[in-house]
1. Any chance you could run the full-extension gain for residue 453 through residue 265? It's 0.36 nm times the residue separation minus the Cα-Cα distance, nm to one decimal.
2. Quick check for me: using +1 on Lys/Arg Cβ and -1 on Asp/Glu Cβ, what's the dipole size of the range 334-414 about its Cα centre, in debye to the nearest 20?
3. Does the range 459-553 come out rounded, prolate or oblate, given a ≥ b ≥ c as the square roots of the eigenvalues of its C-alpha gyration tensor, rounded meaning a/c under 1.5 and, failing that, prolate meaning a/b above b/c?
4. Classify the range 239-353 from the C-alpha gyration tensor, please: rounded if a/c falls under 1.5, else prolate or oblate depending on whether a/b exceeds b/c.
5. Can you pull the one-decimal nm distance between simple spin-label points at residue 629 and residue 702, each 7 Å off the Cα toward Cβ?
6. Put +1 on the Cβ of every Lys and Arg and -1 on every Asp and Glu Cβ in the chain; which of 614, 668, 116 then has its Cα farthest towards the positive end of the dipole?
7. With +1 on each Lys and Arg Cβ and -1 on each Asp and Glu Cβ, how big is the dipole of the range 691-795 about its Cα centre, in debye rounded to the nearest 20?
8. Pull out a ≥ b ≥ c, the square roots of the eigenvalues of the alpha-carbon gyration tensor of the range 691-795, then state rounded if a/c is under 1.5, prolate if not and a/b is larger than b/c, and oblate in the remaining case.
Amino acid sequence: MALRTGVPAVPISSVPRPGAFAKRDFFVSHAGPDSDWAEWIAKTLVDAGYSVELDVWDWAAGTNFVAAMERALDGARRMIAVMSPAYFERTWTRVERFAAFAVAAESDGFLVPVLVATCEEVPRLFHPLIWIELVGLTEPAARVKLLDGVAPAGRKATTGQITFPGAAAFPGGLTAVRNLPARNLFFTGRQPHLERLAGRLSEDGGTGRVAISAVRGVGGVGKSQLALEYAWRHADAYPTAIWWLNAEDPAGLAAGMLELAVAFALVTDGGPRAVRRRVGAELGRRGDFLLIYDNVEDLDLLEDLPAGGHILLTTRLPTVAEQMPTLSLEVFPRSEAVQLLRRRVPDLSAADADRLAVAVGDLPLAVAQAGAYLADTGTTPTAYLTELAARQEVNEPDGLRSTVTTALVELADRDPAALGLLRQLAYLAPEPIPLTAHATAEANTSVGGLAVADPATTSEIIDAITRLDLARRSGTHLLLHRRVRTLIADTIPADRRRSVLTRTLRMMATSHPGDPVIPAHWAAYADLTPHVTALSDLLHDPQMSEPPGFRRLLLDVCRYLSSSGQYQQAHQLASRTRTRWTTALGPDHPDTLSSASNVAIDLAALGDNQAARALDEDTLTRRRRVLGDDNPETLRSAHGLSIRLAALGDLHAARTLTEDTHTRLHRLLGPDDPDTLRSANSLAIRLAALGELKAARTLDEDTLTRRRRALGDDHPETLTSASNLAIRLAALGEIQAARILDEDTLQRRRRVFGDSHPETLRSANNLAVRLAALGELQAARALAEDTLTRRRRVLGDNHPETLRSANNLAVRLAALGELEAARALNEDTLTRRRRLLGDDHPDTLTSAHFLATDLAALGQLQAAHTLNEDTLTRRRRLLGEDHPDTLTSANSLASDLSALGEHQAAQTLAEDTLTRRRRILGDDHPDTHQSEQLLREVQEHGRRPADR
């Protein structure tokens, strides 16, 4: 269930409730795809002097809401049916039509069909009616035809007095990629500001350039409304996209960019920066776009701005004028405040409107609330002014506190449940809030919205809030103005704040966005993350009980942040959560231990494997004690710890722990369980790291087969298995097969995750190695350079994965003869690895090996010999005599010895290395062939007199 236009939100019961208003002239019924037409029709009718009901609930298809429709239709004199193919396909519009025909049987002219798109089939009930057909008309012609068609006998349409806000609002001119909030049908005045804004943005635009302008002012002066009205009026100037971004904090901005990436069918992984750059590149390629950054509080967030379009931002920052063209917005001129009030309340006298404007300080937000209150309640201006005065505080800068408080008192009398919901929402972030109704038998699906109540009650509650202008809805979201949100929170009695916060946590727990690891669910999690974070920041009291459902959602949000590459934010939220739960729940509580596992994952992703290992060891010890050795959670901790041990170079301990974990999971859960397959994947990596390549390959092939069957070819874990198998194939000398599998995996990861996600970059790094092994050196170098650049940007210079890319690029440079550049990069990488990982870590020894190779190629034979000798000694001690890496070092040292004239020692070592490689790798392995070639060269050098 979701909020949107299309189903009546006016729950007018058969017995009018206190404060109920007179019937509206029109109720507009439409399907979701036709919301632009509905808004244009409503705007045209309102400007012509009619009263219109438009903003309404989006009921799920298949749900029978005839009773709710009847209540809504009771509140309108006539119903406009916005007819299109979608209108006749949607269940909820069928319900409205049936109810409308029932009313029409008693009231001639009640149903007014307006055709906005060609329909091949129209229900027979519509055939006798006179249609208003707008298909193919220009905006002026459509406006005249609509008003002439709805005007009753004896009333002339006031076409000459309609102020249409730009041709762009006519649906024929609107871009398909947009997420603008619903247009404010009562937007009033500000014409000079709109003209100046349009002029400033048009001055600097052009191909390959970006025009940027800001609207600055205090809270409540209408900055966002001005930006919104500008966007609607000029929509036809932006055929590529018009996109609204909630930019108060990084989380809101990231969510908006993620949704824009989805709208463009771009991949959405790699973290906020990667998504932002991907979207920016697409916008720059297309041009003619408008991005609106609403309520910017940190100008540093405006990085990587795309070129070729317009950027509009709203802000309260006084310093913005120093950095870009800025339009300062103040309170309404008195004439515009009076105009807005009289538009909302047509029978309000100019004198009364003037008194009201004075009382609220001409603040647009307060003026709008005052008008909404009078229109909805029927209260006299004098009585309302008395109420405002009674609630006004000393030194109050404007009338917003009084208007909000008065509206809340009315809401408490009219609909206590609506007041309760509004107070709960005040605890959330100042970002759009996704809301829904509780799932029904007809629509029982997992959704990311927060469930309010049953569908009909939800409609009534949201309607009660929005009718008093305490919040606005747009699509499936509800938005509270930041100042209104603060004022609402201030009205919650101190002795009830904890209970309200608890109910808010329970409402958050009704959201079920799905598996946080799956990219298709990330947009829903992006919507929720600012609100979950805001609530988490409020939970300081250790006595405050967090409902289990909220704890579940919080853990899932942490996993989403980590899975989507937002490691810093994931670590911050997970760390605060673990600290809080350690105090509130105890260090051994299952949720506390789950949060600790999340923190360890984030630490490892950020490159701090030592801290991750310590935390995993503690978590495993606690889970073994509390849950037992064979509990699935215990075994997940063991699996995580084995990964940390391997990353730190403790390969034998990692292998032992992984084998034990895999054996237990296989026995407890079976061979196809996801946890069993994860442990099998890790065990194959451990075996390969210790030189048991054939056993690793067999296990990798089995794991990949099982994952493809159970999860599908594109599942992230299937792609992990494919990547690992390619590594095994390459290590066993099957380079071409490895290359094919790497290319396929890279292509899939780019599509699923995006170009800059860590997993994608891992595939790119591997493919560069394969290309080099096959002699495609330039292609390998280009891919290695791109991968290193992306990893440095995404992960940082010292991350282990970044250093692997640096090592890879250095090898590519050396192969292309750029020895000095290769040596410099290898020296830097070795220095960083020694400092971060230690002298004996396998990755450190890899860097030492390649630096020695560079030194030898540059003629620094003694330095190369010394470094190779040390590396071989360490590898023999750590990995064993027969490990492939040990044999690589032995081969290099034999080459150094030969070049230094120590032919007998070189030949002895070369022969031993060849024997071992034949036994371990086989006669046809490339490394075996390399040893054969070296031995021939050593023997030849030994026979030359000049070399003796």
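1. The span from residue 453 to residue 265 would gain 64.3 nm if fully extended.
2. That gives the range 334-414 a dipole magnitude of about 140 debye.
3. oblate
4. prolate
5. Taking the two extended label points, one gets 2.2 nm.
6. Looking along the dipole axis, the top candidate is 116.
7. 240 debye
8. Verdict is oblate for the range 691-795.
The values are calculated or read from the model by the stated rules, or taken from the named source; none is laboratory data. What you are looking at is a predicted structure, and each value in this text was computed from that prediction instead of being measured. All Cβ positions, even for glycine, are placed from backbone atoms using ideal geometry, and neighbour counts span all protein chains on display. Heavy atoms of the whole protein, side chains included, go into the accessibility calculation; ligands, DNA and RNA do not. Shrake-Rupley method; radii C 1.70, N 1.55, O 1.52, S 1.80 Å.
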